[in-house]
Amino acid sequence: ENDLNTFIGRPGPVKKNPPFRVIAGFPGIGKSELANLAGEYSGLPIARINLQAFSADDTTVLAEFIHTLEGAVNAAKAKSKDGKFILLLEEFDKVFEINPQNGEVVNRPVMNYVKDLLNDGLLQVNVEEFVNRTNKLIDIRDAYSMVTMNFAVDRFGFVADPRLTSIDDVTNAWKMLKTR
């Protein structure tokens, strides 16, 4: 809440390192809902990208990511009264660079774009589509970015019940895990 209020009160875009918050937890506990509520109560539009769709090692996936990101960012900016918006990158854990099953490195080209976005707030790329080459500049320096990711439930032997989402429910789940 404090971070978001500071962001809202900030004049203009940052030059580098736009603010972001990582929300990690078990599946079904309301990570995305927290971002929805932040947008609702702050009045900021949300540009939502589910990274699970972009986890392949393929240049067409990279082009699709750029087009999807650009469209979501432009739509959020168009709805914003002052250019500020929330960028929600969901399912970050699905774009893993180290395979959780065997520990081997996996090539995930989209991660380079995501890292540039979170670090610089700008993404400038040449996207090849069919025969045409298009220069794209995507600017999120006026965004408050939120990243959701799931804990590996198989490592904890725990699956959250999506019907139990109150603070007490989550606290009780943590207490139960702490005893394991």
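The values are calculated or read from the model by the stated rules, or taken from the named source; none is laboratory data. Worth saying up front: this structure is predicted, and the values here are computed from it rather than measured. Heads up, the Cβs are rebuilt from the backbone with ideal geometry, glycines too, and the neighbour counts pull from every protein chain shown. With ligands, DNA and RNA removed, areas are computed over all heavy atoms of the protein, side chains included. Shrake-Rupley method; radii C 1.70, N 1.55, O 1.52, S 1.80 Å.
See the values below:
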{"quantity": "Residues of region 142-162 classified as modelled with pLDDT of 70 or more and either at positive phi or not aliphatic (A, V, I, L, M) (or both), total", "calculated": "6"}
{"quantity": "Given (1) closer than 22 Å to Ala173 by Cβ; (2) in a loop (DSSP other than H, G, I, E, B); (3) within 14 Å of the chain's Cα centre (by Cα), index of the condition Pro18 fails", "calculated": "(1)"}
{"quantity": "Residues (open to solvent by 10 Å² or more (accessible area, probe 1.4 Å) and either farther than 19 Å from Leu87 by Cβ or assigned to a helix (DSSP H, G or I) (or both)) located in region 51-62", "calculated": "Gln52, Ala53, Phe54, Ala56, Asp57, Asp58, Thr59, Thr60, Val61, Leu62"}
{"quantity": "Identity of the residue in region 74-95, part of a helix (DSSP H, G or I) and modelled with pLDDT of 95 or more, that ends up least open to solvent (accessible area, probe 1.4 Å)", "calculated": "Ala76"}
{"quantity": "Conditions (1) within 20 Å of Val22 (Cα to Cα); (2) in contact with a strand residue (DSSP E or B) (Cβ under 9 Å, 6 or more places away or on another chain); (3) of a type outside the set (Asp, Glu); number of the one not met by Gly71", "calculated": "(1)"}
{"quantity": "Only listed residue being over 27 Å from Asn172 (Cβ atoms), out of contact with any Phe, Trp or Tyr (no Cβ under 8 Å at 6 or more places or on another chain) and modelled with pLDDT under 85, chosen from Gly71, Gly30, Gly103, Gly9", "calculated": "Gly103"}
{"quantity": "Residue within region 28-35 that is open to solvent by 50 Å² or more (accessible area, probe 1.4 Å) and among the basic types (Lys, Arg) present", "calculated": "no"}
{"quantity": "Odd one out for Ser32, checked against (1) touching a strand residue (DSSP E or B) at 6+ places or on another chain (Cβ under 9 Å); (2) touching a residue at least 24 places away in the same chain (Cβ under 8 Å); (3) outside any loop (DSSP other than H, G, I, E, B); (4) under 23 Å from Lys16 (Cα atoms)", "calculated": "(4)"}
{"quantity": "Qualifying residue in region 5-19 (condition: crowded, with 17+ Cβ neighbours inside 10 Å, more than 19 Å from Asp120 (Cα to Cα) and in contact (Cβ under 8 Å) with a residue 24 or more places away in the chain)", "calculated": "no"}
